[in-house]
């Protein structure tokens, strides 16, 4: 039996928050770098921002993939019901 201490909604919100914080920190670092004309700090800020953006993109892709899988399962069940109905019609026509 699997015990889940943290609900999925809290996990997703936590991960999205981390991604947003990384993007914000990276942008802030870039702004400070532009004021000081420090290329190393600018590169660090861009790297941090891209890490946050990557997290958010992965989260969005995961949600989209789950929704797509759910739709595919629903369509599969519908097709199975249609197949059953067609088989019943075929049996009736054969009699």
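Using a basic spin-label model with each label point 7 Å from the Cα along Cα→Cβ, how many nm lie between residue 41 and residue 60?
Label-label distance for residue 41 and residue 60, simple model: 3.0 nm.
For the Cα atoms of the chain, what angle does the longest principal axis make with the long axis of helix 8-36, in degrees from 0 to 90, nearest 10?
With both axes taken from Cα atoms, the answer is about 30 degrees.
If contacts are Cα pairs under 8 angstrom and at least 6 residues apart, what is the relative contact order of segment 1-87 in percent?
Working: 55 pairs, mean separation 24.2, N = 87.
Answer for segment 1-87 is 28 percent.
How far is helix 39-94 tilted, in degrees, relative to the longest principal axis of the Cα atoms in the chain, given as a value from 0 to 90 rounded to the nearest 10?
Long axis of 39-94 versus the principal axis of the chain: about 0 degrees.
Laboratory data are not the source of any read-out in this text; all were calculated from the coordinates shown. If you're wondering where the values come from, they're calculated on a predicted model, not measured in any experiment. Using ideal geometry, Cβ is built from the backbone for each residue, glycine included, and neighbour counts are taken over all protein chains shown.
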